[in-house]
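Take a look at the structure below.
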Amino acid sequence: MRVVEFGVLGSVAAWDETGEPIALKGPRHRAVLARLLIARRRVVPVPRLVEDLWEGDPPADAVGTVRTFVAGLRRALEPERPRRTPSRLLVTEGPGYALRAEPAHVDARRFEHTVAATADLPPAQAVSRLTEALELWRGPAYADFAEERWARAERSRLAELRLTAVERRAESLLALGAAADAAADLDAHVAEHPWREDAWQLLALALYRCGRQADALSVLRRARQLLREHLGVEPGPRLSRTEQDILRHADHLDPGPSDPGPSDPGPSDPAAQVWEQASASYASMVPQRARTRLESTAGLMRHLAVTGGGGLEAARRHRAAAVAAAEQLGDPELTARVIGVYDVPAVWTRSDDPAQADRLVGAAERTLLLLQPGSSEAARARLLATVAVESRGTLPEGTRALQAAHQAVESARRLKDANLLVFALNGLFMQTFERAGLAARRDEIGAEITEVAARHGLFTYEVLGHLIRLQAHCATADFTAADRHADAADALAERHELPLVAVFTTWHRALRTATTEPPQVGESAYRAAATSLEGAGMPGLERGLLPLALLCLRLHHGLPVTADPHTDWGPYEPWARPLTLLAEGRDQDAVRLLASVPSPPGDLLYEALWSLLARAAIQVDDRPLMRRAQRALEPARGELAGAASGLLTAGPVAAHLDALAAALAPHAS
């Protein structure tokens, strides 16, 4: 399903997953979209839409016109949706319409969530998150509908929340000791919003902490005058008290033990103290527009990515933004460093965000072309490794990605750079799927990664090496060896606080159970393992994995396939759906689907998905597809289908090949 991002913090807009604007046609179309966005996924009845759009004076055909607007929006937002199939985004429900956009895909909802999340954050983190939130604003909320009655309440609410965010950011800057930055922001803020008493108080405090007592008192006098003249009110007690405190140099106006600034970060944990002090120093000493901030951001994201699901999602988002910002500056050396520093180990061969991966590959390739001859070989190798890692899930035979992987490995060996070598080997691992049956080759790569990483203290890559070897041993049903690598990965994860490792080791143990125990025990193990995916931040792994595992389990044990038309197969639907259609008795639908089904992608589930196609082809006597499956699976005859993933299996590949041979035998010439 196409991902659409919606923007209301400015003029109402929409963008596709590549960041390209979506044409929303005329003002009435945009008004319908804005009204539905204000409803926050709730249904807006058609009569209400008519009333809001024409404010009590609708034309005779208003209902039909609204339906025309909705149809136009659907075509714009979901251009690839087949005709006569229901929309999943702009839905018809009951008496009206609802826009089912995820909160994360609407800038106003992201803004609200981010501001709310800063309430309990330490000052340095609060400044970062609030800055990020405020940068979402492109102008006044719902700017093109400022005069519409139905938009007023929401516009006012968002505007108030923005002002609160500005003031909360200033408070956090003061807590960090960055009084000059806070004063600069607040000076512009009070000029535009002179009725904000809290803002005047914060500005006076910021000026006082900058050693500008006279200016602080002048600000308070100006606030008093403006409040009296324009609002006819006296300053509140907080402003009056601040003025008196400044006149007597009250101790509490300076950062102290109760104010977690750089002189006393407050937390008793030494690590927290160091973090607060270092963050405060960085925020105050490195200019906001300094290019080094992009490099620092990318470097921080590589550590954030291994902290858990939320960290992984945030790291992907901020990394992409940092790369885009670096490219805009037109400095290929900087862009190369920003791209290359993010050498986060990757073990799953299906991208969590294919569109973003494509953009990163494009940025890396453009940067390689722009780098001057004689520039750093290591920088070039990191860009090549990035191309290889981010091009995962494609059949790499003869492709640029495979070439890039080999070039990166060669450079790393020549430079004797251990960090670069494990990153490049990770890229090579992602490109070892040009055919089935390559578990042994991947085991060799995993063994080298483990050895190099252990020798140089690169613990995240040491974990990666163990997980790759775990997968390879599962492919050959050597679960004893796989268990050793799972235990080693778990031990490293516990020592170095790497929570996402448990997702893979938990699923490995479920696979072992499904292979060695009765099917009902295996099903329970898979369902339990599926809970480890909740909040893991890995959509490329999560969607459709449990139903695929249960389908493969039934094939492995020779059980009939069960069909549930509501199952979400995620990215595996083209290869799982034919079998379920056959189970429903819809043979002709299965035949039509098999006639156009693509070959499975080159990834860790290659053999499993070919096994599903093989079984479906046998049932409908599709001999060309049976022969394709036979050729694809033959190199993996000695493996368990799908077990190279370390997650699931459809049983021995040999059993599927024997079934294919038997089905083809009567037709052999």
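Some observations on this one:
- Per-residue 3J(HN,Hα) values for the range 433-442, derived from phi via the Karplus relation 6.51 cos²θ - 1.76 cosθ + 1.60 with θ = phi - 60°, read 9, 6, 7, 6, x, 9, 4, 5, 5, 5 Hz in sequence order (x marks Gly and Pro).
- Principal-axis analysis of the Cα atoms of the chain puts helix 418-430 at an angle of about 60° to the longest axis.
- Accessible area expressed per residue, the range 489-648, with surrounding protein chains retained (probe 1.4 Å, Å²): 41
- Karplus-derived HN-Hα couplings along the range 183-198 (A = 6.51, B = -1.76, C = 1.60, θ = phi - 60°), whole Hz, x at Gly and Pro: 5, 4, 5, 6, 4, 5, 5, 6, 5, 8, 10, x, 8, 7, 4, 4
- Scaling the Cα radius of gyration of the range 1-126 by the globular reference 2.2 N^0.38 Å produces a ratio of 1.17.
- Carbon plus sulfur fraction of accessible area for the chain, probe 1.4 Å, in percent: 52
- With every protein chain in place and a 1.4 angstrom probe, the accessible-area ranking of K25, K416, largest first, reads K416, K25.
- Modelled label positions at E17 and R40, each set 7 Å beyond Cα in the direction of Cβ, lie 2.8 nm from each other.
- The charge dipole of the range 99-188, taken about its Cα centre with unit charges on the Cβ atoms of Lys, Arg (+1), Asp and Glu (-1) only, comes to about 280 debye.
- With contributions of -39500 (n - 2.57) from each DSSP H run of at least four residues, the per-residue ellipticity at 222 nm computed over the chain stands at -20000 deg cm²/dmol.
- A cut-off of 5 Å between modelled amide H atoms, ignoring neighbours fewer than 5 places along the same chain, links Y97 with V44, V46.
- Each residue was assigned an accessible area with a 1.4 Å probe, and for C210 the value is about 50 Å².
- Accessible surface ranking that places the most exposed of H466, H303 first, with a 1.4 angstrom probe: H303, H466
- Charging the Cβ of each Asp and Glu at -1 and of each Lys and Arg at +1, and nothing else, the dipole of the chain about its Cα centre rounds to 1280 debye.
- Expressed per residue, the C-alpha convex hull volume of the chain stands at 193 Å³.
- For the range 322-417, GluC sites (Glu not before Pro) are listed when DSSP marks them as loop and at most 15 other Cβ atoms sit within 10 Å of their Cβ; the list is E397.
- Helix 545-556 axis, angle to the chain major axis (alpha carbon atoms, nearest 10°): 10
- Volume of the convex hull of the range 179-242 (Cα atoms only), normalised per residue: 63 Å³.
- Segment R414-S599, extension gain: residue separation times 0.36 nm, minus the distance between their alpha carbons: 62.9 nm
- Estimated FRET transfer efficiency (V521, R627; beta-carbon r; R0 45 Å; 0.05): 0.80
- For the range 442-482, the solvent-accessible area of protein heavy atoms averages 34 Å² per residue (probe radius 1.4 Å; ligands and nucleic acids excluded).
- A dipole drawn for the chain from +1 and -1 charges on Cβ atoms has a positive end, and of L174, P539, V70 the residue lying farthest that way is V70.
- What the Kirkwood sum gives for the range 465-612 is a hydrodynamic radius of 16.5 Å, with every pair of different alpha carbons counted.
- Relative contact order %, the chain, counting alpha carbon pairs below 8 Å whose residues are six or more apart: 8
- The spacing between the range 572-627 and the range 354-424, judged by their C-alpha centroids, is 35 Å.
- The length gained on full extension between R241 and H193, counted as 0.36 nm times the residue separation minus their Cα-Cα distance, comes to 15.1 nm.
- To the nearest ten degrees, helix 149-175 and the longest principal axis of the Cα atoms of the chain are 80 degrees apart.
The values are calculated or read from the model by the stated rules, or taken from the named source; none is laboratory data. Fair warning: this is a prediction, and the values are worked out from it, not measured in the lab. Note that we place each Cβ from the backbone using ideal geometry, even for glycine, and neighbour counts take in every protein chain shown. Areas reflect the complete protein model, heavy atoms only, side chains present, ligands, DNA and RNA absent. Shrake-Rupley method; radii C 1.70, N 1.55, O 1.52, S 1.80 Å.
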